Each structure stands twice: as structure tokens, then as C-alpha cells.
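Following: one structure in C-alpha cells, then a few remarks.
The values are calculated or read from the model by the stated rules, or taken from the named source; none is laboratory data. In this text, all values refer to a predicted model and were calculated from it rather than measured experimentally. Positions of Cβ are generated from backbone atoms using ideal geometry, with glycine treated the same way; all protein chains shown enter the neighbour counts.
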Amino acid sequence: MKIQSFTACLLIFIFSSCALFRGAGKKSLSVESNKLAPPAKFITAVPFVQFTGGVVVVRAKIDNFPDTLNFILDSGSGGISLDSMTCVQLGLKPLPSDEFIRGIGGIRPLYFAGNNTLVLPGLRVDSLNFHISNYDFISSVYGVKIDGIIGYSFLSRYIVQMNYDSMKLYIYTPGHFRYGVGGELLHPFIHNIPVINAPLWNKKVIHTRYYFDMGAGLCLMLSDRFIKDSCIFCKPDQRRHKFVKSEAQGLSGKIEMTQTVVQGLKLGKYYFHNVPTYLFDDVSNVTAYPFLGGLIGNDLLRRFDVTLNYPEDQIYITPNSHYYDPFDYSYTGMAMYYIDGHVVITDVTKDSPADKSGVKPGDVVLAVGNNFSNNIQKYREQLKATGSKINMIILREGVVHDIKMPIKSIL
């Protein structure tokens, strides 16, 4: 059985998210890719928007269809994919294959719509085989229709710079490329998905490898097997940490996870302290343990401008204006989705702030604070004010309730 591994296509979203201090090394000299190759040529600049957790979304079209679609740009995807309903709306005919997708929570067969063209501003990318998947869940997470995920099938053909200040992708042909100064050149192992080495410490230094996963809206996620074998939270150190239950979504449905904080992570020459971390039971061995310990996501990676140079097996990172943004340690213990035009509470963790405040599954959120926008991403931003109490107006069985909920820190 052939398995194709996707990390950010795991359909993961963390519901109750979790101060940042780090030091950068001295500025490095300018770094270049292969000097013997022809010079890379600029092709186009593509605007993007950011969703919760730093996830990047670009607008693109398929073939000659007039509709503009929403695609997540994802280094954690080993291919390129399209939502099943979008596929129907475009009249594409998916065909079964002998390949499978493995994700947190299960394994399922892959269907493909072959030989299609992705149309970006100033660029047409042809001969793409889109794997077909159901992204209703991802759409409900972000409150916006997600039509697909752009991964290795696109990224392997170009040099792609992601600038989080200009909010644009700068796309170049493969070739000799000057990265500039002040950053760090990483040398990942790339087989569909980039893998990097990054020391982690929690009273002791532990070396392992991680997926470089720009499609995951979190900072760090570690597998249970790595946690157990590395003894990263072994007693008596375990008493120094808070562990809170959380929830994610996998291929087979709801997945229980645990939130905590690790003391530090080093990415290249850059140090991050008190990193929000999710611990998960890797039943499908998505991380191919012991080869990998987990993944580094885009809530951490968005603090850098990132150049993905897959043709040269290189990634270049440079701190940007978001480098000193604080991490999110807030904890409410409730899961929210955008369902049928409403923001709905779908799960409440026992004894969490939401539970103690009287929030119940099935409640429809009408407002958070003074925000009546019905925008689930704005609501989540409102719920990050750790140490405060915030009013929520909810609708339950036709009755409006005003609830005051404390926002706690997982630290």
C-alpha cells in the first residue's frame, strides 16, 4: 500500500490556543544559492491574507473557469489539492488511485483530478494533478470557503519568498539566488515536505527533526512517542508544567490533544522561549517516529520572512516586524466553528473557564465583547486577552444569554 503523507492537510485546527522572549545572533553575511546555475528571474508578486495561527491564503483560479478560489499555501502538503464540492462546481471528474493519504486520526484513499492549470496573478502553472478532499471542516474553522491547498507540486517548481510585511508572495524561476543579509540559511531534507533539525529544551537539550509546516496554525506540536522516549516531561519536572485538554480535528473526527509550554526551541540561530506546544497521540505515525518528533507551525514561522527554495533544498529565514509578537497563551476550553452562517460552540472542556461560565455545546455566539461581526476569526482574537473577563452574548434554544467569561493563561 502506497502512502502519501500530508501534515497540514491533516485538517488540524487547535481550538483553545495557548510572552515571548528570544535573542537573535549577529547578522550573517549575504548568502547565495548555486552560483553555477543561471540567475533566478522574478516572475510575479501574489498578494495573500493571513488567517488564525498565521495560515496563508492566496486567491487563484483553475483552468479557464472564471471563479476565484481560496487556497492555503502549505509547505506541509506533499502535493496540491482541491475541495470535493469545488471540484463538483467546476465540473471536474476525479478518478480513483492506488494512493492513500495519512493524517492524524486515520488513512483514506485518494482521488485525483489530473492535468489541470493553476492560474495566479501573472503566472499559469500547468500539468497539475489535484488530489480531491473534503475541506468543509477547514472552511468552518476559518469562516471562509477553503477551495484547496497548494503544496509541493507548486513549491518544487519555483523559488517562493513570503513577505509578511508586504503580505505578498514573490515568485522566481529556479536558479542562482541572492538571499540578502541578516538572516539564516537552513538546509532541510525535502522529500515532498521539508524536514529541519531544531534543538528543543525543557530542563535538558533534546535534538530531533520536525516538519517545517507553514499550513499548521500553531507554534509547535510533539508526538506522544517522542515525548515518552525523550522524557521531556518526566517527573519531577512534570510538576512544573500545566497541561490542559484541547481538541483538534483529524481524518476520522475529533482528536483530543493536550496544551502546555516548553522552555525553548532554537530555529537556526534564533531562540524562542516558553513556546506554546500541543501534545498528540500519533496513532497513524504521521511523524514517522523516530525520524521526526513533531512539527513547527506557522504561528512561529510567520515571525520570519521565508524563502522556500526547494530546487536547491534551501530555506532562508529573516526576522520581520512580527518577530517580537507575543505568543498566545490564552485558554477558554471551548471549540467554535462557523456552521450554516453562524458561529457555534461545538465542544466545552469540563472545568474549563467556558464550562464554569455556563457555556454549552450548541450555543450560537452573537457577540464577543462589543464585536457583533459574526466573524469567527475576529472572535478568536477577542478571546486572547489573557487575565481579563470578557462578555459573550449567546443564543441558546431561542433565548439570549449574556455570559462573562475569564480568559486564563496556560502558563
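Residues in the range 124-134 that are within 25 Å of the chain's Cα centre (by Cα) and closer than 20 Å to Ile171 by Cα: 2 in all.
Annotation for the range 133-143: no member residue is of a type outside the set (Val, Ile, Thr), in a strand (DSSP E or B) and surrounded by fewer than 21 Cβ atoms within 10 Å (Cβ to Cβ). Across the range 289-314, the number of residues qualifying as under 16 Å from Tyr170 (Cβ atoms) and part of a strand (DSSP E or B) comes to 7. Evaluating Ile196 against the criteria (1) surrounded by 20 or more Cβ atoms within 10 Å (Cβ to Cβ); (2) under 17 Å from the mean Cα position of the chain (by Cα) leaves one unmet condition, (1).
Out of curiosity, is Pro311 at pLDDT below 95 and under 20 Å from Pro194 (Cβ atoms)? No, not satisfied. Somewhere in the range 307-319, is a residue touching a Lys or Arg at 6+ places or on another chain (Cβ under 7 Å), of a type in the set (Val, Ile, Thr), in the same structural domain as Lys266 (by TED's automatic domain parsing) and closer than 22 Å to Tyr211 by Cβ? Within the range 307-319, not a single residue is touching a Lys or Arg at 6+ places or on another chain (Cβ under 7 Å), of a type in the set (Val, Ile, Thr), in the same structural domain as Lys266 (by TED's automatic domain parsing) and closer than 22 Å to Tyr211 by Cβ. If Ile149 satisfies every condition in (1) farther than 25 Å from Leu222 by Cα; (2) not in a loop (DSSP other than H, G, I, E, B) but one, which is the exception? Only one criterion in (1) farther than 25 Å from Leu222 by Cα; (2) not in a loop (DSSP other than H, G, I, E, B) is unmet by Ile149, namely (1).
For the range 46-58, taking the residues that are touching a Leu at 6+ places or on another chain (Cβ under 9 Å) and crowded, with 16+ Cβ neighbours inside 10 Å, the one that is farthest from Ser133 (Cα to Cα) is identified as Val46. Only a single item in (1) under 21 Å from the mean Cα position of the chain (by Cα); (2) surrounded by 16 or more Cβ atoms within 10 Å (Cβ to Cβ); (3) not assigned by TED's automatic domain parsing to the domain that holds Thr68 is not met by Val160, and it is number (3). If you go through the range 199-231 and keep only what is assigned to a strand (DSSP E or B) and buried (at least 24 other Cβ atoms within 10 Å of the Cβ), you end up with Leu200, Tyr210, Tyr211, Phe212, Leu220, Met221, Leu222, Ser223. Scan the range 210-251 for residues that are at pLDDT below 90 and closer than 19 Å to Ile149 by Cβ and report the count. Residues meeting the conditions: 4.
Of the conditions (1) touching a strand residue (DSSP E or B) at 6+ places or on another chain (Cβ under 7 Å); (2) buried (at least 21 other Cβ atoms within 10 Å of the Cβ); (3) not in a loop (DSSP other than H, G, I, E, B), Asp355 satisfies every one except a single condition; which number is it? Going through the list (1) touching a strand residue (DSSP E or B) at 6+ places or on another chain (Cβ under 7 Å); (2) buried (at least 21 other Cβ atoms within 10 Å of the Cβ); (3) not in a loop (DSSP other than H, G, I, E, B), Asp355 breaks only (2).
Checking Gly180, Gly148 one by one, the residue that is surrounded by fewer than 18 Cβ atoms within 10 Å (Cβ to Cβ) and among the small types (Gly, Ala, Ser) is Gly180 and no other. Which residues, taken from the range 78-112, are assigned to a strand (DSSP E or B), modelled with pLDDT of 90 or more and in contact with a helix residue (DSSP H, G or I) (Cβ under 6 Å, 6 or more places away or on another chain)? Within the range 78-112, just Ile80 meets the criteria.
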